[in-house]
Amino acid sequence: MRPVWVKDANKIYKPPRDWMEERDGKCGDLYVRRFQPDGAGPAYHYSAWKPSADELQALIDGGVVELLIIGVQPAVALNVVEETLDPRSAVPSSDSDQRRDLPSGIDAVLADETKT
């Protein structure tokens, strides 16, 4: 699956500083919608993922989604929602170039800089 634009994205996670693609594999940008319910407690981070045609067929044929987390295991949930268009373009996020300028209000951080 590949990450795509998430509705109301307000943060982008970049690879950690010590990430080496040759050693660790590809690690692209991850757009998230981050908020804290009632302004307190743990932060919620929503991201959106889209399966390829082959992955979708595997799911239809009974396959499952496997979640890999590198580092500490956070509380997670997976949901199915309608895709949100990337506001930087008029095409669905799965077809857009995610390296373009970010809309205002989105912070970019390295994955190893976040504490929540």
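General observations
- Which numbered condition PRO74 misses (of (1) out of contact with any Lys or Arg (no Cβ under 7 Å at 6 or more places or on another chain); (2) at pLDDT 85 or above): (2)
- Taking each residue of region 8-24 that is within 30 Å of VAL81 (Cα to Cα) and looking for partners that are outside any loop (DSSP other than H, G, I, E, B) and among the hydroxyl-bearing types (Ser, Thr, Tyr) with beta-carbon atoms closer than 6 Å, six or more apart or interchain, yields ALA9/TYR31; ILE12/TYR31.
- Of the residues in region 85-98, at least one is at pLDDT 60 or above, of a type in the set (A, V, I, L, M) and touching a strand residue (DSSP E or B) at 6+ places or on another chain (Cβ under 7 Å).
- Residue satisfying all of: in region 27-66; out of contact with any Gly (no Cβ under 9 Å at 6 or more places or on another chain), among the polar types (S, T, N, Q) and modelled with pLDDT of 90 or more; nearest to THR84 (Cα to Cα) among these: SER47
The values are calculated or read from the model by the stated rules, or taken from the named source; none is laboratory data. Keep in mind it's a predicted model, so treat the numbers as computed, not measured. With ideal geometry, Cβ positions are generated from the backbone for all residues, glycine too; neighbour counts draw on all protein chains shown.
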